[in-house]
Ligand SMILES: Cc1ncc(C[n+]2csc(CCOP(=O)(O)OP(=O)(O)O)c2C)c(N)n1
Ligand SMILES: Cc1ncc(C[n+]2csc(CCOP(=O)(O)OP(=O)(O)O)c2C)c(N)n1
Ligand SMILES: [Mg+2]
Ligand SMILES: [Mg+2]
């Protein structure tokens, strides 16, 4: 039985701390026994009391403090308790962290990692449930990494810490409690799974060993299990095979695996939990239609949250967010356009 | 001779202040004789000393203060001196202003206007030259309006102030000094110009009275004059006719005029000054390929700034930003794909 | 300090505090029973703040802006048990239709938001609105000690002082931000942080609702009279966990603070019969509310017939 | 206060101030002549701050973080006339290759950024790095009085105090933020704003570089010795406009402050011959630098042979 994703991240943090004494952790409520609001930082403050700094509730400043540490040779990890609070630090990100290296003519680097949980489905309401990574895609000079439960979470976190660029490491609240389902012998359960090369690789899944499929679904993070479930349902209910790509990195966006899959399937559906407009799917769709025009048999379709808040009541939250039915419906609707 | 855009905005502010005493202006350095860093607020503090509040340098708080005023029945206009500093207020925007109406179940409105100049080409360097409106597209619950020099600036600003939703009114630094070239008898200079209906209308330009054109160029704000110049050069140098759409509102995005034009031309190029990835063009491309798939003869192409900083030195700034040549080249390149 | 007026008052305030206490205990029970979803932050132990301060306000005119720990403020200000319970439970009839949930409430002159600090400038803007309108209203914003970590609080104190805004900032200083004790998040002196901006301050270490009320009355009178801001620090303690579980504070520390439970402190002014009567009526009210809420349909986007 | 050591020192400091003054006057001339593009903020009148404070620092070890008005700090710290001039002019050889321009400088242990306030937490983080490394370095961040409007300054003071960071915050209080006088942007007491966080403070109303130096030495020693932050307020005045034009301050006010020009104040300690020599050498240096900069190619993305 695989470990849970939260546990995998926690273990990775311990290993990273052991390996590199330039690594520091900053954030709210980090000290043991609490170990961070989602417990991902448990045990670190006990083992490395000097390198784990529990902070005041001062997100804007914490982004700057982390940047200062990074500019002077350390490798800080900043834990932002809820991804929604990244908004408090965006001046530091947009006008500092993302620019220092370029505007100081490549003479400095800012190797910091911001770890933060995004996502909804826990009834936390409009200000604690967003998927704001979409806003970060428009900020050149940073990396945005967003592992799914099938990614090698520990390796990716270690890669982020070793990265010389500032990295947003976007976690997902529900993922923490789910098993880290790594491919074994090229399979995750029934599915064939191909992992890309290099850092922050994408994963490509197929239910029929990459025999003919009718569409590619591209997603990331917490939407992967829903997308895989939709893919399974499409097979069982409609005998429609799809390929599913789970991106590892959203910025810079490497669409290689998506383009390869689209070359096979001719159709693409993007799936994300954040709101539709200005989302990750928009950039993917814009690129894929430009780069794979002749492969596409129909327009790229997007599945995302309704443009609006994530309401608190479960029934309303469910209505606002994309679910398995929505994905299945989007694939089914492909038949009806283009081709 | 038409008035300059800066003057038109200033006149409009005076009229708006005269008409509605719920309108207040907040921002830095607003008092006469200074009248705001770009002078758009000149004369207001003399005429309405109690309704013009020059503020400390506290952008984050000012967004909140404006929201409070708006929630309690006033119609504040917040002048943010440089669009880059919007980043300081994004918590207020994302987690408050954009959500209050929806999360309080439609029982309140937040009728505030944020006026701010975006854009480069003045050598102000990386932190004073950005086009950050792209980040706002991903925030449901606000409107983003971005007039060009051919729009009815006064009317649009008045519409923004009368709007019950929070509006970002994105101005452009270079536009302030240029004439407000309104269509007269359906023409702007040599070009036919059709203005849409309703609030924040789009403008559609044609160099051959909407006879056959080979591509649609969609842009907004400060890129309109460059796009029109490119369109002219395409006619003169290559006998290629295009239609140019200048959007009035970026969020919610109404692509009606773009889709109509694409139905005629079969091709679309998006043009914006901000950086490419996660830009306005991404959302436009994603929608247009979905909604006008059968009209499109080739993929939507995007012209935008290089993903990176806007450097300070003029030569470097020029290299980073999209210019007339880039637009011409993008249209010329259309020939080579799809079709 | 214990004439008949004070006693009647004490009874009223005690009743309000009891309602809040039992409301929140009920919420925690519903959570444990799996009948609630989402999150909640109870103010169990801090009820004297909400009740004492808000008893000095005029709900028709004054404005309250609250934070994540807002149930007590909301009930003290509106007495709307059903609207709040259904909101937290995500049922039809919730005061924000289930959109906001526990942390994002609006009704009349009451607003809350769950992101810390950002409420303070919003309250300052509301105070500006009320000043301009000449309503004489006081805008009260409740924050916790941890929220003093947010810079926007100081930006707003500066603005409130510069512009003479009728803003009352109440700091409920319960010694913790989530799991983090004050000494790890607050340097220097809390009152001095506001005084530095020329804002009048006071600090009271009390869980006696009558003392809170007296302190708040002075503060409210100062704001209403001078039109200037006031910064009122109330030292208090929460007995319950930060949210639903996960409390690592020393049991002895909690036990010691329970000796100053606001319900016990003021109980001497309420006689046994009254106390029983209050308890009974609160239980009745809550059990009816819960029963009806559980029977109500889940919140829905479709408008509901009134 | 005027032994031979002091005189030698005064000469050195006077020379540095003269260089900064003439450098910036030259920039304004180049702007007027259309040979410069972009923006600039000169510190003409404030040179004693940059020179006095930075004379107490060790450039190999200590770190300086500056703001939009950074030329004086940069020159005092690095003496790099060519790198700065070419940077501002967008020529090959600019210290940031023309990418940063006037407000965004980096060299060695010097950093600046043009967005107000955000520099302070970055400096705090650097101070944390230096503390952890045990370098004994002091990180000095220069801000203006207007920047005290930014909440992140207070967040960072709190953190610096809580965590014992070797951070020196120097407030150059020139009475204005752009066009706005202090009374419209600062309520209460400036020193108290830092003292409230348990940060040691001092304030000096002087344009005498030797006095600034003495005050800074105390501050730097405090930071280096105790490892704790210090908040040093220096009252000063800028003679030049905020940026390039648009100065609406009363000419009489400026004239009065010119009587306290830091170059005049300290001039008594430098004899005429020395003054002439300094002036001549500064002019030589600057005119060569300008000539070479004007002859240099425009900045380019292509790497340039060294
Ligand atoms: C900006 C922001 N950061 C972090 C949080 C998460 N959070 C919720 S409550 C809390 C502690 C707040 O402490 P305090 O202000 O003292 O209020 P208390 O909970 O003690 O009533 C934190 C950190 C938040 N809601 N908003
Ligand atoms: C966050 C932010 N807001 C506004 C500005 C525009 N601006 C540049 S300098 C300045 C005034 C700063 O005043 P002060 O801090 O006193 O420094 P001084 O210019 O007097 O040296 C302003 C408002 C900015 N650069 N950054
Ligand atoms: Mg607290
Ligand atoms: Mg100043």
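We did not get these values from a lab; they are worked out from the coordinates using the rules stated. Bear in mind the structure is a predicted one, so any value in this text is a computation, not a measurement. Quick reminder, even Gly has a Cβ in these numbers, built from the backbone with ideal geometry, and neighbours come from all protein chains shown.
How long are the semi-axes of the equivalent ellipsoid of the stretch C:1-110, taking √(5λ) for every eigenvalue λ of the Cα gyration tensor, in whole Å from largest down? Walk me through the numbers on the way to the answer.
Working: eigenvalues 128, 54, 22 Å².
In descending order the semi-axes read 25, 16, 10 Å.
How fast does the stretch C:172-264 diffuse by Stokes-Einstein, in µm²/s, taking the Kirkwood radius from C-alpha pairs at 25 °C and 0.890 mPa s? Walk me through the numbers before you get to the answer.
Working: Rh = 14.9 Å.
After rounding, the answer is 165 µm²/s.
Given 4 °C and 1.567 mPa s, compute D for the stretch A:154-225 with the Stokes-Einstein relation, Rh being the Kirkwood radius over Cα pairs; round to the nearest whole µm²/s. List each step's numbers first, then the result.
Numbers: Rh = 14.1 Å.
For these conditions, the coefficient is 92 µm²/s.
Taking only Cα atoms of the protein assembly as shown, what ratio of Rg to Rh do you get with Rh as the Kirkwood inverse-distance radius?
My calculation of the ratio gives 0.96.
Where the centre of each part is set by its Cα atoms, how far does the stretch C:240-276 sit from the stretch B:127-189, in angstrom?
The stretch C:240-276 and the stretch B:127-189 have Cα centres spaced 57 Å from each other.
Return the single residue from B:79, B:260, B:272 with maximal mean-square fluctuation; model: Gaussian network over chain B, springs between Cα atoms under 10 Å.
B:260
Which whole-angstrom value gives the distance between the alpha carbon centres of the stretch D:116-178 and the stretch B:289-333?
Computed from Cα coordinates, the inter-centre distance equals 40 Å.
When the C-alpha atoms of the stretch D:55-114 are aligned to their principal axes, what extent does each axis show, in angstrom, from largest down?
31, 20, 15
Debye calculation, C-alpha points only, no solvent: report log10 I(q)/I(0) for the stretch B:110-151 at q = 0.16, 0.28, 0.29 Å⁻¹, in the same order as the q values.
Each listed q maps to, in turn, -0.54, -1.12, -1.14.
Highest first, please rank the peptides A:46-55, C:85-94 by the mean number of other Cβ atoms sitting within 10 Å of their residues. Please list the in-between numbers first.
Working: A:46-55: 17.6, C:85-94: 25.3.
Result, highest mean Cβ count within 10 Å first: C:85-94, A:46-55.
For the stretch A:184-339, what is the convex hull volume of its Cα atoms per residue in Å³? Before the final figure, lay out the partial values.
Numbers: hull volume 18.8 nm³, N = 156.
Cα convex hull per residue, to the nearest whole number: 120 Å³.
What percent of all Cα-Cα pairs in the stretch C:60-193 falls into each 10 Å bin, going from 0 up to the bin containing the maximum distance?
Calculated P(r), rounded to whole percents: 13, 39, 33, 14, 1.
Computed over the Cα atoms of the stretch B:104-195, what is the ratio Rg over Rh, Rh following Kirkwood? Present the calculation step by step, with values, prior to reporting the outcome.
Numbers: Rg = 15.6 Å, Rh = 15.0 Å.
So for the stretch B:104-195, dividing Rg by the Kirkwood Rh gives 1.04.
Using only the alpha carbon atoms of the stretch C:88-127, find the Kirkwood hydrodynamic radius as the inverse mean reciprocal pair distance, in angstroms to one decimal.
Values: mean 1/r = 0.0909 Å⁻¹.
It works out to 11.0 Å.
Rounded to whole Å and sorted largest first, what semi-axes of the equivalent ellipsoid does the C-alpha gyration tensor of the stretch C:119-197 yield via the square root of 5 times each eigenvalue? Don't skip to the end; give the middle numbers.
Working: eigenvalues 131, 31, 16 Å².
Semi-axis lengths for the stretch C:119-197 are 26, 12, 9 Å.
Determine the principal axes of the Cα atoms in chain A, then give the extent along each, sorted from largest to smallest and rounded to whole angstroms.
59, 45, 41
Taking each residue of C:157-167 in turn, how many C-beta atoms of other protein chains fall within 10 Å of its C-beta, and what is the average?
On the way: counts 6, 13, 12, 3, 3, 10, 6, 1, 2, 0, 1.
Mean partner-chain Cβ count within 10 Å for C:157-167: 5.
How long are the semi-axes of the ellipsoid equivalent to the stretch D:212-272, from square roots of 5 times the Cα gyration tensor eigenvalues, in whole Å, largest first? Intermediate values should be presented prior to the final figure.
Working: eigenvalues 183, 71, 15 Å².
Semi-axes, largest first: 30, 19, 9 Å.
Given the DSSP H assignment, sum -39500 (n - 2.57) over each helix run of at least 4 residues in the protein assembly as shown and divide by its residue total; what's the result at 222 nm in deg cm²/dmol, nearest 500?
Working: 44 runs with 492 residues, N = 1290.
My calculation for the protein assembly as shown gives -11500 deg cm²/dmol from helical runs alone.
For the stretch A:81-146, just run the numbers: alpha carbon Rg, then divide by 2.2 N^0.38 Å, N being how many residues it has.
Working: Rg = 13.5 Å, N = 66, 2.2 N^0.38 = 10.8 Å.
Here the Cα radius of gyration is 1.25 times the empirical estimate.
Taking a quarter of the surface of the convex hull around the Cα atoms of the stretch A:204-284, what do you get in nm²? Please list the in-between numbers first.
Details: hull surface 20.4 nm².
Taking the Cα atoms of the stretch A:204-284, their convex hull projects to 5.1 nm² on average.
Output the direction-averaged projected area (hull surface divided by four) of the convex hull of the alpha-carbon atoms of the stretch B:4-100, in nm².
Working: hull surface 24.4 nm².
That works out to 6.1 nm², a quarter of the Cα hull's surface.
Have a look at the stretch D:96-152 and give its Rg and Dmax from the Cα atoms, expressed in angstrom.
Rg and Dmax of the stretch D:96-152, Cα atoms, are 12.6, 34 Å.
Could you compute Rg(Cα) / (2.2 N^0.38 Å) for the stretch C:24-76, with N its residue count? Walk me through the intermediate numbers first.
Values: Rg = 12.9 Å, N = 53, 2.2 N^0.38 = 9.9 Å.
For the stretch C:24-76, the normalised Cα radius of gyration comes out at 1.30.
Between A:290, A:282, A:12, where does the largest GNM mean-square fluctuation fall for chain A, given springs only between Cα atoms within less than 10 Å?
A:290
If you wrap a convex hull around the C-alpha atoms of the stretch A:262-321 and split its volume per residue, what is the figure in Å³? Kindly include the intermediate steps, with their values, before the conclusion.
Working: hull volume 4.4 nm³, N = 60.
It is 73 Å³ per residue.
Write down the Å³ per residue value for the convex hull defined by the alpha carbon atoms of chain D.
Numbers: hull volume 42.1 nm³, N = 306.
Hull volume normalised by residue count: 138 Å³.
Taking beta carbons within 10 Å but only from partner chains, what does the mean come to for residues C:128-135?
Numbers: counts 10, 11, 4, 0, 9, 4, 0, 1.
Taking the mean over all residues of the peptide, I get 5.
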